[in-house]
Ligand SMILES: Nc1ncnc2c1ncn2[C@@H]1O[C@H](COP(=O)(O)OP(=O)(O)O)[C@@H](O)[C@H]1O
Ligand SMILES: [Mg+2]
């Protein structure tokens with residue numbers, strides 16, 4: 001279970017204070033698929049970066065199984081990210097000079113899997129699971145389509161069996177049909193592994209198929 005209480009994030013900018021999130025409250029049950037919609041600048045990426053301990057809140061609590069991740073030390077935040085969270089970004093963020101399988105193997109190495117042959121086997125299974133053939137697994141990102149690159153990034157996000165996947169507009173660079181397939185894949189994987197997913201999307205059709213949808217407007221969150 002993920003519970004957010006009175007979460008606030010303000011940035012000091014040259015023209016004054018920006019209130020990116022104001023007193024946000026919600027919870028998502030383990031294994032649920034939640035979507036977040038809202039206009040550009042409404043605070044969606046800020047919220048995901050706080051949930052993933054990529055940034056610290058100005059105020060409030062983020063309880064993951066009762067531990068407040070906002071209060072973890074820097075080293076513990078890194079451990080939390082490596083073991084509990086999988087990130088999926090709009091721009092895929094794959095390492096360009098590594099093949100698809102090497103990208104996934106690297107995540108497994110960061111997750112502490114020592115044996116190279118085990119990393120190879122698990123990466124192969126993960127990539128087959130998201131629909132990449134043996135040949136495609138050996139290609140570098142530039143030789144894969146956008147949809148295939150996002151599949152690799154999903155495999156990478158799942159590598160260390162995270163409790164939570166945070167996806168920031170994962171289909172933002174894809175055509176709507178490919179985007180729907182990517183969301184279906186995420187949905188199928190949640191059910192299989194009981195992974196909680198929180199995904200930002202612009203596509204209301206997609207949002208309508210998730211377990212619950214939150215709307216962010218000027219840093220204020222409401223349930224749709
Ligand atoms: N590092 C930062 N410094 C100053 N302002 C920021 C920073 N990051 C985001 N903001 C501001 O916070 C607000 C929310 O941004 P963001 O979370 O990126 O919105 P969204 O992802 O919904 O487009 C915007 O007004 C944005 O300009
Ligand atoms: Mg954003």
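Numbers at a glance
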{"item": "Number of positions in region 158-173 that are within 16 Å of ligand 2 (Cβ to nearest atom) and in a loop (DSSP other than H, G, I, E, B)", "result": "5"}
{"item": "Identity of the residue in region 180-205, within 16 Å of ligand 2 (Cβ to nearest atom) and surrounded by 17 or more Cβ atoms within 10 Å (Cβ to Cβ), that ends up farthest from the chain's Cα centre (by Cα)", "result": "203"}
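Yes or no, residue by residue, for (1) out of contact with any helix residue (DSSP H, G or I) (no Cβ under 8 Å at 6 or more places or on another chain); (2) touching a residue at least 60 places away in the same chain (Cβ under 8 Å); (3) under 22 Å from residue 49 (Cα atoms):
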site: 183; (1), (2), (3): no, no, yes
site: 186; (1), (2), (3): no, yes, yes
site: 193; (1), (2), (3): no, no, no
site: 197; (1), (2), (3): no, yes, yes
site: 210; (1), (2), (3): no, yes, yes
site: 216; (1), (2), (3): no, yes, yes
site: 221; (1), (2), (3): no, yes, yes
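The numbers here are math on the coordinates, done by the rules we state, and not lab data. This structure is a prediction, so every number in the text was calculated from the model and none was measured. In this analysis, Cβ positions are derived from the backbone assuming ideal geometry, glycine residues included, and neighbour counts consider all displayed protein chains.
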